[in-house]
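Worksheet: the structure to be examined is printed underneath.
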Amino acid sequence: MSDSQPRPTDLRPPDFDVAEGDPFGSDRLNRKESVESLSSVIQNADGPLVVSVEGAYGTGKSSYLRMCAAHLRQLGARTVEFNAWQQGQTGRPLIDMVAALAADLHGKGSWERVKTTAKQVGWRTAGYLTRGIVAPNEPDDSSMFDEWIDIETNVSEFKESLHAQVQECGGKLVIFVDELDRCEPIYALDLLNKARHLFDVPGVVIVFGINRAELGHAVETQYGPDCDVDGYLRRFVDLSIQLRQPTTEEWVTCLTGICEGLSDCSPTLSDGELVTRKLLTLLADNCGGRLRDVEQVARHVNMLLPLPNYRQLWPRWVICLLTLRYVDRGRYERFVTGATDEWEVLQVFRKHLLRDDVVSHRALMDAVVLSLPGECRMPYVEDEFVDLYLRRTDGDQLDAQEAFRHFDRILDLGDFGAMPSLEVVHRTIEIAAPN
């Protein structure tokens, strides 16, 4: 693609890619060990099992579940992935789950009896299984016991048919249920109930991706704010896995990978590009600490990179200013409006990166910041640059000389006179900026 041609921009990062032959190939949050441990528990489980993989919104639960499903398939287990939010077509969890199972396992056993008995159980069991969360019309007192017996019969037939199907599938069926916290509260709780009561069959393992806080709100919506949320949820789950918070370095690796996949500035956004790596470290520390927050930053970067003809300088400027916007919004606003200059911006980065005592690293960051198109125009002569640097920073002679060497190299990356103004860079950033 030439620089004059518009570049297609994907505003969404691609779905987390899990290769069947390499489940952990895209794992940038170091969750391989945890997934392998859970997979071992699932394989060795003797009987039905309900597992919750818990984490806050945007912490990578979906990626974790996909890796676990792929790893279990690699080990020979039969798995089905059910997205409760996307595949909740009928509003009846049992029907939706069985339909998803039948679609995934079509031709892998006789599902007709399972589907038939699921329909028989269907809506009639809603009030019975959810203990009043979802209640159909109250039956007449005279028929209440007959209704109960019918429901018990239907439930038993469903479990028997499901057990037979599981045996045909090799004796183990692992069902991954994702996006439960995005469903309507009634649907989410009804799904939990159905999974616990109707799928309580030897060989069936259900793994839920759960945001406990959001699911707790659903429980409180139905039972009031004084209910014991944790106690309620423990009724349905045998084993809970709490996703640990990723380290800054893991967030940086994740963010770098997302950026590389979204833009055509791979050399600038590569793992080995020192300045970008350090700026992304600050972004990861200050963008919210959740995977979806990191992805939002990546989308923001992708919308801004690369502007044609500025493939070297423009990405550094954009990432530098975007980092400043996240780290110190007040300084960012003062800089882009001309109320302060590059030297004050430099102090922000020096403060946050002070732990890095490698002169060349610190000087390289200084040079990138001082190349920004602000009010201050740095001298291109070394003696003048060094003199100004020593007067405006707490750096020494060695810092100043090293910073100039990097600055001089930056000058070779493009014609500063032809580069866009700070106002243009600012407007471009704000077009795509999150709040």
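The values are calculated or read from the model by the stated rules, or taken from the named source; none is laboratory data. Just so you know, these numbers come straight off a predicted model, no measurement behind them. Neighbour counts are summed over all protein chains in view; Cβ atoms, including those assigned to glycine, are modelled from backbone coordinates with ideal geometry. When the accessible area is computed, the model is the full protein with side chains, heavy atoms only, and any ligands, DNA or RNA have been set aside. Shrake-Rupley method; radii C 1.70, N 1.55, O 1.52, S 1.80 Å.
Here are T247, T221: which of them is at pLDDT below 85, surrounded by fewer than 20 Cβ atoms within 10 Å (Cβ to Cβ) and more than 24 Å from the chain's Cα centre (by Cα)? Give the steps one after another, and end with the answer.
Details: T247 fails: more than 24 Å from the chain's Cα centre (by Cα).
Step by step, each of T247, T221 is checked, and only T221 is at pLDDT below 85, surrounded by fewer than 20 Cβ atoms within 10 Å (Cβ to Cβ) and more than 24 Å from the chain's Cα centre (by Cα).
Just checking, how many residues over the range 190-206 are in a helix (DSSP H, G or I) and in contact with a Phe, Trp or Tyr (Cβ under 8 Å, 6 or more places away or on another chain)? Even if it seems obvious, please write down each step before you answer.
Step one: filter the range 190-206 for residues in a helix (DSSP H, G or I), giving 190-198.
Checking which are in contact with a Phe, Trp or Tyr (Cβ under 8 Å, 6 or more places away or on another chain) leaves us with 192-193, 195-196, 198.
Residues in the range 190-206 being in a helix (DSSP H, G or I) and in contact with a Phe, Trp or Tyr (Cβ under 8 Å, 6 or more places away or on another chain): 5 in total.
Yes or no, residue by residue, for (1) touching an Asp or Glu at 6+ places or on another chain (Cβ under 7 Å); (2) not in a loop (DSSP other than H, G, I, E, B):
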position: D17; (1), (2): no, no
position: D27; (1), (2): no, no
position: S39; (1), (2): no, yes
position: V53; (1), (2): no, yes
position: L65; (1), (2): yes, yes
position: I95; (1), (2): no, yes
position: V98; (1), (2): no, yes
position: L101; (1), (2): no, yes
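Hey, does the range 170-178 have a residue that's open to solvent by 10 Å² or more (accessible area, probe 1.4 Å), farther than 15 Å from P48 by Cα and in a helix (DSSP H, G or I)?
First, pick out the residues of the range 170-178 that are open to solvent by 10 Å² or more (accessible area, probe 1.4 Å): 170-172, 178.
Then drop every residue that is not farther than 15 Å from P48 by Cα, which leaves 178.
Keeping just the survivors that are in a helix (DSSP H, G or I) gives none.
Taking every residue of the range 170-178 in turn, none turns out to be open to solvent by 10 Å² or more (accessible area, probe 1.4 Å), farther than 15 Å from P48 by Cα and in a helix (DSSP H, G or I).
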| request: Can you tell me which residue within the range 338-362, out of those that are modelled with pLDDT under 85 and assigned to a loop (DSSP other than H, G, I, E, B), is farthest from the chain's Cα centre (by Cα)? | output: G338
| said: Please go through (1) more than 29 Å from the chain's Cα centre (by Cα); (2) open to solvent by less than 10 Å² (accessible area, probe 1.4 Å); (3) under 28 Å from M67 (Cβ atoms); (4) not hydrophobic (A, V, I, L, M, F, W, C) for G209 and return the number of the only condition it doesn't satisfy. | reply: (1)
| task | Check off (1) modelled with pLDDT of 90 or more; (2) closer than 23 Å to C169 by Cα for F24 and give me the number that stays unchecked. | result | (2)
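So is V18 aliphatic (A, V, I, L, M), open to solvent by less than 70 Å² (accessible area, probe 1.4 Å) and modelled with pLDDT of 85 or more or not?
Numbers: aliphatic (A, V, I, L, M): yes; open to solvent by less than 70 Å² (accessible area, probe 1.4 Å): yes; modelled with pLDDT of 85 or more: no.
Answer is no for this residue.
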| note | Taking first residues from the range 207-236 that are within 17 Å of L191 (Cβ to Cβ) and second residues anywhere that are among the hydrophobic types (A, V, I, L, M, F, W, C) and surrounded by fewer than 16 Cβ atoms within 10 Å (Cβ to Cβ), the pairs with Cβ under 7 Å that are 6 or more apart or on different chains are V219/C227
| remark: Expected output for the range 244-256 (first residue within 13 Å of R31 (Cα to Cα), partner at pLDDT 75 or above and open to solvent by 10 Å² or more (accessible area, probe 1.4 Å), Cβ below 7 Å, 6+ apart or cross-chain) is P246/L29; E250/R28; E250/L29; E250/N30; C254/R28; C254/L29
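Residue by residue through the range 184-202, note down the ones that are farther than 14 Å from L49 by Cα and open to solvent by 20 Å² or more (accessible area, probe 1.4 Å).
Passing the criteria: E184, P185, I186, Y187.
Condition first: in a helix (DSSP H, G or I) and either open to solvent by less than 80 Å² (accessible area, probe 1.4 Å) or hydrophobic (A, V, I, L, M, F, W, C) (or both). Now tell me which residues in the range 229-244 satisfy that. Steps first, please.
Filtering the range 229-244 for residues in a helix (DSSP H, G or I) gives 229-234.
Residues satisfying the conditions are V229, D230, G231, Y232, L233.
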| Failed item in (1) open to solvent by less than 50 Å² (accessible area, probe 1.4 Å); (2) out of contact with any Phe, Trp or Tyr (no Cβ under 8 Å at 6 or more places or on another chain), with S63 passing the rest | (2)
| Condition test on E152, is it over 29 Å from the mean Cα position of the chain (by Cα), on the phi < 0 side of the Ramachandran plot, in a helix (DSSP H, G or I) and surrounded by fewer than 16 Cβ atoms within 10 Å (Cβ to Cβ)? | yes
| query | Restricting the search to the range 32-55, which residues are surrounded by fewer than 18 Cβ atoms within 10 Å (Cβ to Cβ) and in contact with a helix residue (DSSP H, G or I) (Cβ under 8 Å, 6 or more places away or on another chain)? | reply | K32, E36, Q43
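Could you list all residues from the range 235-248 that are closer than 13 Å to V51 by Cβ and not hydrophobic (A, V, I, L, M, F, W, C)? So that I can check it myself, show each step before the final result.
First, pick out the residues of the range 235-248 that are closer than 13 Å to V51 by Cβ: 236-243.
Within the range 235-248, D238, S240, Q242 meet the criteria.
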